[in-house]
1. Being among the aliphatic types (A, V, I, L, M) and on the phi > 0 side of the Ramachandran plot is the filter here, so list the residues in the range 278-333 that pass it.
2. From the list Trp190, Trp254, which residue is assigned to a helix (DSSP H, G or I) and within 25 Å of Leu82 (Cβ to Cβ)?
3. Using beta carbons and a limit of 7 Å, which pairs, at least six apart or on different chains, have the first residue in the range 218-242 and at pLDDT 85 or above and the second one part of a loop (DSSP other than H, G, I, E, B) and not small (Gly, Ala, Ser)?
4. Can you tell me which residue in the range 491-502 is farthest from the chain's Cα centre (by Cα), limited to those that are open to solvent by less than 60 Å² (accessible area, probe 1.4 Å) and not small (Gly, Ala, Ser)?
5. Can you report the number of residues in the range 464-490 which are over 22 Å from the mean Cα position of the chain (by Cα) and not polar (S, T, N, Q)?
6. Could you list, in sequence order, all residues of the range 402-436 that are part of a helix (DSSP H, G or I), charged (D, E, K, R) and either at pLDDT below 95 or open to solvent by 50 Å² or more (accessible area, probe 1.4 Å) (or both)?
7. What tally of residues in the range 347-401 results from selecting those that are surrounded by 24 or more Cβ atoms within 10 Å (Cβ to Cβ) and of a type in the set (S, T, N, Q)?
8. Are there helices (runs of 4 or more DSSP H) fully within the range 49-131 with at least 1 residues that are within 23 Å of Tyr270 (Cα to Cα)? List them.
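The values are calculated or read from the model by the stated rules, or taken from the named source; none is laboratory data. All values reported here derive from a predicted model rather than from experimental measurement. No Cβ is skipped: glycine too gets one built from the backbone with ideal geometry, and neighbour counts run over all protein chains shown. Just the protein is used for accessible areas: all its heavy atoms, side chains included, with ligands, DNA and RNA removed. Shrake-Rupley method; radii C 1.70, N 1.55, O 1.52, S 1.80 Å.
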Amino acid sequence: MTDQISDGASPRGPGLTPGHDDLVEAAGHPVGAGVIKPGYDPRLTNEDLAPLRNQTWSSYNFFAFWMSDVHSVGGYLTAGSLFALGLVAWQVLVALLIGIGIVYLLCNLVARPSQATGTPYPVVCRSAFGVLGANVPAIIRGLIAVAWYGIQTYLASASLVVVALKLWPGLAPWADADVHGFTGLSAVGWVAFALMWVLQALVFWKGMEAIRRFVDFCGPAVYVVMFLLAGYLVFQAGWSNIDLNLSDHVITGWAVVPVMLTAIALVVSYFSGPMLNYGDFSRYGKSFATVKRGNFLGLPVNFLVFAILVVLTAAATRPVFGELIDDPVQTVARLDSTTAVVLGALTFMIATIGINIVANFVSPAFDFSNVNPQKISWRMGGMIAAVGSVLLTPWNLYSSPDVIHYTLDTLGAFIGPLYGVLIADYFLVKKQKIDVDAMYTLSPTGKYFFRGGYNPVAIAATAVGAVLAMLLVLMGSSDVASFSWFLGAGIAFVLHWMLTRRTEPPRTPRRESSDGGRVR
């Protein structure tokens, strides 16, 4: 029997004993552990990847998720780097808002299939790429998360270095990478990075519920510091001394249009990582309406306030400190009060840790676990990402505005095609209907087995989109390269849809058996 589950319904499996949820959470698994049915193949299933038993997150949880993501040091640096493009303050603000509006719409699209099925991103990908082919997007997204995890860990550790130097000025020589450094990072930087690495692993190890509570605190906490910092700097500078034209080489006339489009593309690229695997979190939502409400509050509304604070704070640094500072950690470090420096830096550090765990620890945890569910648990998947992040020397990936843009362009070139295939498949090919149980079987007659477990159409569309987008990054100008995400997503979207229509024979509707697949 075909069972259309409405928004907000939570799948529950048979044979659950009272108190099971409490045991699962106590054991440190993600909140709302999955329901494993007898017919599920163990090569595709563990309790973390199975459809959720309970979907309990409220709009505030998603709002807090985006607050932490937006308020991170990386978000501030990315917003501040837009001034280097030659835009004045109001143009930066407009570009930020248009970019985040696009992110909001795209997040709602990618959130839908996971919330409806209660499954994480790599499992939903099985319906498009095949039950085994889903490992292709899972591994790509997991490796990208490793890079972002390292970058955000480094940015959080930079806050700790500021605190250490303020409390113990004698450490200054050890904070100089040229004097006491290794692979571009100072001795103090290495200690701070290692400490941030361990702290994040401890929070992650507690499970998804502990992560949710931590993120619920992080977003609002950094808002308090940002308001105080902006207010203090504006007061010290005097409103009449604040010039919102922060670029040394302001672009005028129609020439500003392509630059603003580039800035908008950079915003989308920055959020493309958590946007792609947002299903890892939307699966916990009580309903799709709950997810959309949280996204609206956390993205357009929250980002407007954040963007205004970034512009005002950056503008006030010039009259107060005699130079433009677009790094919030360095801004805090220039304050006279030791207490203010310590509290401000620690707050930015905590906020960055929050989003790093959510966006770049949880994602590879699911992605790598999907490769071999019985041998790679959710925890082990996250720890694989944590170890890999050190090997990338992430401090070299976010060292200047030019490097930031190149890093975003490259990541966007690989993320875009994965997004395009998933959206085309779910909304145009599958018509928003997924047979949940079919995503957990390796039967050759399974709906998503395709050819040996792989869908060659989806894989080919992804490959073509990624290659062309990467060529744009390598051969195009820096401005054109900013559109790598859009090019890759668009090409993969069209190719997957068109090739599927040409190669897939029309299917006659059939009724599922009463104990068979659940279509959502």
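1. Scanning the range 278-333 gives no hits.
2. Answer to the check: Trp254.
3. The qualifying pairs are Val234/Ile242.
4. The residue in question is Thr500.
5. The number of residues fulfilling the criteria is 10.
6. Passing the criteria: Asp402, Asp409.
7. Qualifying residue count, the range 347-401: 7.
8. In the range 49-131, 59-70, 73-81, 89-117, 121-124 are the helices (runs of 4 or more DSSP H) which contain 1 or more residues that are within 23 Å of Tyr270 (Cα to Cα).
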